[in-house]
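I'd like to ask some things about the structure below.
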Amino acid sequence: MSTALFRRDGDLYHPSENAQGPWSPDYLHGGSPAGLLASVLEPVGTEGGLRLARFTLDLLRPVPAAPLSVRVETVRDGRRLRLLQGDLFAGEVLVCRATALYLEQVPLDVPEAARFEPGNLPPREPGGEASLADLAARGEREALPLPGLHHTVAVTLVDGVEGHGRGRVWMRLPVPVVAGQVCSPSVQAATLSDFGNGVGQLQVNENTGSINADISLYLHRAPEGEWLGLDARARMHTNGNGLVETTLHDERGPVGRILQATLAMPVYGG
């Protein structure tokens, strides 16, 4: 599995089979455009030593498995703060919009009571890697046979991922987002952040699951290493609107949070 999610040709990014979504070969997984936009914004955003603090993606339309282009705009550029916007187009159609906030890093002594809690995600156990599609196929959950990002990522299960709104896993992206470019841990975090709703998928009844319309990733420090842990919890209101909250870890502990707004949807094949 050495094929990057995208191949760049001039101003166009051509998605590979590894970038596709679980329901149709015609559309991409939400993590693929998230990773692409994060990778395009990162070189500009991190100039001067700034660090990615927030990455938000609005999934405006299904992203087609077709050549895509990115337009970048600097919304605010200051010494301590930089805000970028990246728009993803299929032809002339805007399909995704991302904003990325980069902040200055200042060494500081922080009282123990004000520090981030260490978290309780168990360490990753070597071996036993699977894909998220493999985990989703356990028990009564529907198999996801189509190739795509759900098969591309490597997963080590901690517990959950059974459709009950809770799951804990360790994940890594074994291929680059863009061919020939090194994928930083922060870009990998943006790519994997869409899986919060998969890991914590809530199937409220036998015919109803949920899809997410956005991703908001907050990082209080830069992730380290190739493995990231997701501790996801999903809830839904009686109006069919919900929220997935995911704590993101590396092997040192928590690095941030992922929030996703969800909408109840009929289960495919249900």
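Among the numbered conditions (1) over 29 Å from SER24 (Cα atoms); (2) in contact with a Lys or Arg (Cβ under 9 Å, 6 or more places away or on another chain); (3) surrounded by fewer than 18 Cβ atoms within 10 Å (Cβ to Cβ), tell me where GLU226 comes up short.
With respect to (1) over 29 Å from SER24 (Cα atoms); (2) in contact with a Lys or Arg (Cβ under 9 Å, 6 or more places away or on another chain); (3) surrounded by fewer than 18 Cβ atoms within 10 Å (Cβ to Cβ), GLU226 is out only on (1).
Related question: If you check ASN212, ASN197, ASN207, ASN241, which single one turns out to be on the phi < 0 side of the Ramachandran plot, polar (S, T, N, Q), surrounded by fewer than 16 Cβ atoms within 10 Å (Cβ to Cβ) and touching a residue at least 60 places away in the same chain (Cβ under 8 Å)?
Just a single option satisfies the conditions, and that option is ASN207.
To continue, here is another question. Which residues, taken from the stretch 50-69, are out of contact with any helix residue (DSSP H, G or I) (no Cβ under 9 Å at 6 or more places or on another chain) and either modelled with pLDDT under 95 or part of a strand (DSSP E or B) (or both)?
ALA53, ARG54, THR56, ASP58, PRO64, SER69
Same structure, new question: Just to be sure before I move on: is THR46 under 14 Å from the mean Cα position of the chain (by Cα) and among the β-branched types (Val, Ile, Thr) in the structure I sent?
no
Against the conditions (1) among the small types (Gly, Ala, Ser); (2) within 23 Å of LEU230 (Cα to Cα); (3) in contact with a Cys (Cβ under 9 Å, 6 or more places away or on another chain), where does ALA19 fall short? Just the number, please.
Single failed check for ALA19: (3).
Going residue by residue through the stretch 237-244, is there one that turns out to be under 24 Å from HIS14 (Cα atoms), β-branched (Val, Ile, Thr) and in a strand (DSSP E or B)?
No, the stretch 237-244 contains no residue that is under 24 Å from HIS14 (Cα atoms), β-branched (Val, Ile, Thr) and in a strand (DSSP E or B).
Report every pair of residues separated by at least 6 positions or lying on different chains whose Cβ atoms are under 8 Å apart, first residue within the stretch 104-125 and closer than 16 Å to ALA222 by Cα and hydrophobic (A, V, I, L, M, F, W, C), second modelled with pLDDT of 95 or more and in a loop (DSSP other than H, G, I, E, B).
Listed pairs, sorted by first residue: PHE116/HIS220.
Using beta carbons and a limit of 9 Å, which pairs, at least six apart or on different chains, have the first residue in the stretch 27-47 and touching a residue at least 24 places away in the same chain (Cβ under 8 Å) and surrounded by 24 or more Cβ atoms within 10 Å (Cβ to Cβ) and the second one basic (Lys, Arg) and in a strand (DSSP E or B)?
LEU37/ARG97; GLY45/ARG51; GLY45/ARG82
Quick check on this structure: which one of VAL95, VAL72, VAL106 is farther than 30 Å from ASN205 by Cβ, surrounded by fewer than 19 Cβ atoms within 10 Å (Cβ to Cβ), touching a helix residue (DSSP H, G or I) at 6+ places or on another chain (Cβ under 9 Å) and aliphatic (A, V, I, L, M)?
VAL72
Kindly check whether there is at least one residue in the stretch 12-35 that is under 14 Å from GLN188 (Cα atoms) and among the hydroxyl-bearing types (Ser, Thr, Tyr).
Yes - at least one qualifying residue is present in the stretch 12-35.
So THR99 clears everything in (1) over 29 Å from GLU42 (Cα atoms); (2) at pLDDT 95 or above except one condition, right? Which one?
Checking THR99 against (1) over 29 Å from GLU42 (Cα atoms); (2) at pLDDT 95 or above, the one that fails is (1).
Those residues that are at pLDDT below 95 and of a type in the set (D, E, K, R), I need them from the stretch 160-203; list them, please.
Matches in the stretch 160-203: GLU162 only.
Additional query: Just to be sure I understand, how many residues within the stretch 10-25 are under 11 Å from LEU68 (Cβ atoms) and either part of a strand (DSSP E or B) or within 17 Å of the chain's Cα centre (by Cα) (or both)?
5
Consider the stretch 156-194. How many of its residues are outside any helix (DSSP H, G or I) and in contact (Cβ under 8 Å) with a residue 24 or more places away in the chain?
Of the residues in the stretch 156-194, 27 are outside any helix (DSSP H, G or I) and in contact (Cβ under 8 Å) with a residue 24 or more places away in the chain.
Does GLU125 fit the bill of being acidic (Asp, Glu) and within 23 Å of ASP231 (Cβ to Cβ)?
Considered against the rule, which asks whether it is acidic (Asp, Glu) and within 23 Å of ASP231 (Cβ to Cβ), GLU125 comes out as yes.
The values are calculated or read from the model by the stated rules, or taken from the named source; none is laboratory data. These figures come from a predicted structure and were not determined experimentally. Because the Cβ atoms are built from the backbone with ideal geometry, glycine has one as well, and the counts that use them run over all protein chains shown.
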